[in-house]
Amino acid sequence: MKPEIKEGNVVFSKKGRDKGHMFVVLLCVDDDFALIADGDRRKVAHPKRKRRKHLSATPHEAPEILSLYHMDRLKDSDVRSALAAFRTGEAAPEGPAAHLPK
């Protein structure tokens with residue numbers, strides 16, 4: 001069973017120029033779209049609006065990012081440092097290739 005895409009989840013992009021890049025879901029706009037940011041290419045001030053079907057969910061969450069976002073205190077450096085833990089393998093044993101379609 002695939003993890004559900006919800007606010008605070010770490011996701012990988014499956015389509016577009018950002019294919020294979022890791023993001024955090026900041027807000028679920030509706031059933032089709034979510035706002036995502038990585039703190040580098042996509043800043044918190046201007047998150048990417050992306051279709052959920054073009055995202056691949058991971059079982060990992062970043063609840064501290066979500067709480068800071070709702071308090072309007074989230075900085076790009078917070079997102080980058082949270083995603084760095086997943087990139088280095090401290091929190092995520094699987095890389096982006098494990099979540100992309102074959």
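The values are calculated or read from the model by the stated rules, or taken from the named source; none is laboratory data. Just so you know, these numbers come straight off a predicted model, no measurement behind them. Neighbour counts are summed over all protein chains in view; Cβ atoms, including those assigned to glycine, are modelled from backbone coordinates with ideal geometry.
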| said: For region 1-31, give me each residue that is surrounded by 12 or more Cβ atoms within 10 Å (Cβ to Cβ) and charged (D, E, K, R). | reply: 6, 7, 14, 15, 18, 19
| field | Qualifying positions in region 16-38 - touching an Asp or Glu at 6+ places or on another chain (Cβ under 8 Å) and assigned to a loop (DSSP other than H, G, I, E, B) | value | 21
| task | Test residue 42 against the stated conditions and say whether it is at pLDDT 95 or above, surrounded by 15 or more Cβ atoms within 10 Å (Cβ to Cβ) and among the basic types (Lys, Arg). | result | yes
| query | Of (1) of a type in the set (A, V, I, L, M); (2) surrounded by 15 or more Cβ atoms within 10 Å (Cβ to Cβ); (3) farther than 18 Å from residue 86 by Cβ, residue 37 satisfies all except one. Which? | reply | (3)
| message | Just checking, does region 59-72 include any residue being surrounded by 13 or more Cβ atoms within 10 Å (Cβ to Cβ), at pLDDT below 95 and assigned to a strand (DSSP E or B)? | response | yes
| query | Do the conditions hold for residue 102, that is, is it basic (Lys, Arg), surrounded by fewer than 17 Cβ atoms within 10 Å (Cβ to Cβ), under 12 Å from the mean Cα position of the chain (by Cα) and at pLDDT below 95? | reply | no
